[in-house]
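The values are calculated or read from the model by the stated rules, or taken from the named source; none is laboratory data. Just so you know, these numbers come straight off a predicted model, no measurement behind them. We place every Cβ from the backbone using ideal geometry, glycine too, and count neighbours over all the protein chains shown. Accessible surface areas use protein heavy atoms only, side chains included; no ligands, DNA or RNA. Shrake-Rupley method; radii C 1.70, N 1.55, O 1.52, S 1.80 Å.
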Amino acid sequence: MNDPIAMTLDGRTLTARPGQSVGAALTDAGVRSWRTTRGGQPRGLFCGIGVCFDCLITVDGRPGQRACLVPARAGLVLETAPASPSPDPGHQRRDDRDD
Ligand code: FES
């Protein structure tokens, strides 16, 4: 039941532990960023609780998923995300701000 979970990120196989989020698994594997802002700044986990939207990633072809909220599952296909507009027009991501 505690067997490692195999997923891929841009075709590279990564393993996660049961109970980890995708974001935790990526961080555990040494991946610190998986998207960039429109200005080219790297982004990965920041808040870790689904608030900041820094951790957006494509999961099984669905873009704009928050890696910190997606449970790691065997066979997930993860793809790094290019800079894109916020999924919620009323929400201003941290990298959209000047601070
Ligand atoms: S790290 Fe902030 S929403 Fe995922």
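Of the numbered conditions (1) under 15 Å from Glu79 (Cα atoms); (2) surrounded by fewer than 13 Cβ atoms within 10 Å (Cβ to Cβ); (3) modelled with pLDDT under 95, Thr13 satisfies every one except a single condition; which is it?
(3)
Check Ala72 against each of (1) open to solvent by less than 70 Å² (accessible area, probe 1.4 Å); (2) within 8 Å of the ligand (Cβ to nearest atom); (3) closer than 12 Å to Val22 by Cβ; (4) touching a residue at least 24 places away in the same chain (Cβ under 8 Å) and name the one condition it does not meet.
(2)
Of everything in region 10-44, what is within 13 Å of the chain's Cα centre (by Cα) and under 16 Å from Pro63 (Cα atoms)? Give them in sequence order.
Scanning region 10-44 gives Asp10, Val22, Gly23, Ser33, Trp34, Arg35, Thr36, Arg43, Gly44.
Which count do you get for residues in region 34-61 that are open to solvent by 50 Å² or more (accessible area, probe 1.4 Å), within 23 Å of Arg12 (Cα to Cα) and more than 10 Å from the ligand (Cβ to nearest atom)?
5
Pairs please, first residue from region 43-63 and under 15 Å from Gln20 (Cβ atoms) and polar (S, T, N, Q), second anywhere and more than 6 Å from the ligand (Cβ to nearest atom) and open to solvent by 40 Å² or more (accessible area, probe 1.4 Å), Cβ atoms under 6 Å, 6+ apart in sequence or on different chains.
none
Just to be sure, is Thr8 within 12 Å of Glu79 (Cα to Cα) and surrounded by 13 or more Cβ atoms within 10 Å (Cβ to Cβ)?
Taking the combined requirement at face value, the residue satisfies it.
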